[in-house]
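Before any comments, here is the structure.
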């Protein structure tokens, strides 16, 4: 759900000729002649990632709907399978598009307007919704205890702010795994800002930082797709077996081992085990994500809207007691709920919703920030190939061949 992308390199060196990526490689900077003429920035959204984000947000909404009717064993089995990979897929994509994040004003501003402000707005809105919609006058507004699904925005702030650190150290993935394991044995962390999830899901964000386009190409091989089918079947069997034997908290990654009634040493074992299963199923998911433009590709740009808004519907159903209806004990009721959840989140990702709520989900907030002349000059330099230096220094022009 991020779109920050900036190339690295020394601006004083001649620019390399533009090269087309290999066929089938999903790259956020894929270009062609038509898109270059139509978009001044020369950038084109990659259909693969927009497709993946849309399909992932549909699974998030469907999973939240299923979470209200877990008395059915088949529903809980499907729920556990989906919960094993839908957020890891989102987090990995977020890490992939955060590779160029640093503490420059432009990036910090985007983090504030695109993550922090929406979190404050919607955390307040969900708190008020619970107070008045659920007739809970004692429920207060707190920004330290994220409501329901908003933990992801808190985590994204922490992960992005630490991106320069992960890009600097030698073995970032190994370090992130150690931190995830330590989180699982530290109940003292508490619930503030969902730091347990920040730590235990961290390896997927770091993995996204170190992945390259060719890695996504490899999962689209026919052999990977064929292997994904028995893996998914095996995951379904394991999920069914785990229903009476494993607590769901292990998949949420929101608690330490002792809080789940297990000895401390079970924390690292379960974290590594569940993260490994999540990685396998995430690869299976990516293997079946279309690489071409589909009818829902454009909706991938609006997944943040579906993510932030769909929980209002879920909570409204809870407050009104809709999920207690006996119809959801029947297969047709479950299928209907699944279709309804998918349709609702799809509608929430559409352009009309984006235009209506952009002022709070993606506000520009030019009034709140000082203008950065240096950043403007650097942007002009990248667009034109002109090196802009401070007054009094020689201004050189480096043009590509």
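Taking the listed residues 149, 139, 220, the one that is part of a loop (DSSP other than H, G, I, E, B) and under 22 Å from residue 93 (Cβ atoms) is 220, with no other qualifying.
Conditions (1) outside the structural domain of residue 52 (by TED's automatic domain parsing); (2) touching a helix residue (DSSP H, G or I) at 6+ places or on another chain (Cβ under 8 Å); (3) at pLDDT 90 or above, marked per residue:
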{"position": "119", "(1), (2), (3)": "no, yes, yes"}
{"position": "128", "(1), (2), (3)": "no, no, yes"}
{"position": "133", "(1), (2), (3)": "no, yes, no"}
{"position": "136", "(1), (2), (3)": "no, yes, no"}
{"position": "143", "(1), (2), (3)": "no, yes, no"}
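Please indicate, with yes or no, whether at least one residue in segment 193-204 is over 24 Å from residue 57 (Cα atoms) and either out of contact with any strand residue (DSSP E or B) (no Cβ under 7 Å at 6 or more places or on another chain) or surrounded by fewer than 17 Cβ atoms within 10 Å (Cβ to Cβ) (or both). Within segment 193-204, not a single residue is over 24 Å from residue 57 (Cα atoms) and either out of contact with any strand residue (DSSP E or B) (no Cβ under 7 Å at 6 or more places or on another chain) or surrounded by fewer than 17 Cβ atoms within 10 Å (Cβ to Cβ) (or both). Looking only at segment 14-33, decide whether some residue is at pLDDT below 95, part of a helix (DSSP H, G or I) and not assigned by TED's automatic domain parsing to the domain that holds residue 248. Looking through segment 14-33, at least one residue is at pLDDT below 95, part of a helix (DSSP H, G or I) and not assigned by TED's automatic domain parsing to the domain that holds residue 248. Take residue 345 and decide whether it is under 12 Å from residue 65 (Cα atoms), at pLDDT 95 or above and buried (at least 17 other Cβ atoms within 10 Å of the Cβ). Answer is yes for this residue.
Per-residue answers, yes or no, for (1) in contact with a helix residue (DSSP H, G or I) (Cβ under 6 Å, 6 or more places away or on another chain); (2) farther than 18 Å from residue 269 by Cβ; (3) in the same structural domain as residue 272 (by TED's automatic domain parsing):
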{"residue": "203", "(1), (2), (3)": "yes, no, yes"}
{"residue": "206", "(1), (2), (3)": "yes, yes, yes"}
{"residue": "209", "(1), (2), (3)": "yes, yes, yes"}
{"residue": "214", "(1), (2), (3)": "no, yes, yes"}
{"residue": "224", "(1), (2), (3)": "yes, yes, yes"}
{"residue": "227", "(1), (2), (3)": "no, yes, yes"}
{"residue": "252", "(1), (2), (3)": "no, no, yes"}
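Among the conditions (1) part of a loop (DSSP other than H, G, I, E, B); (2) over 23 Å from residue 216 (Cβ atoms), the only one that residue 237 does not satisfy is (1).
The values are calculated or read from the model by the stated rules, or taken from the named source; none is laboratory data. Quick caveat: nothing in here was measured; it's all calculated off a predicted structure. Every residue, glycine as well, gets a Cβ built from its backbone with ideal geometry; the counts of neighbours run over all protein chains shown.
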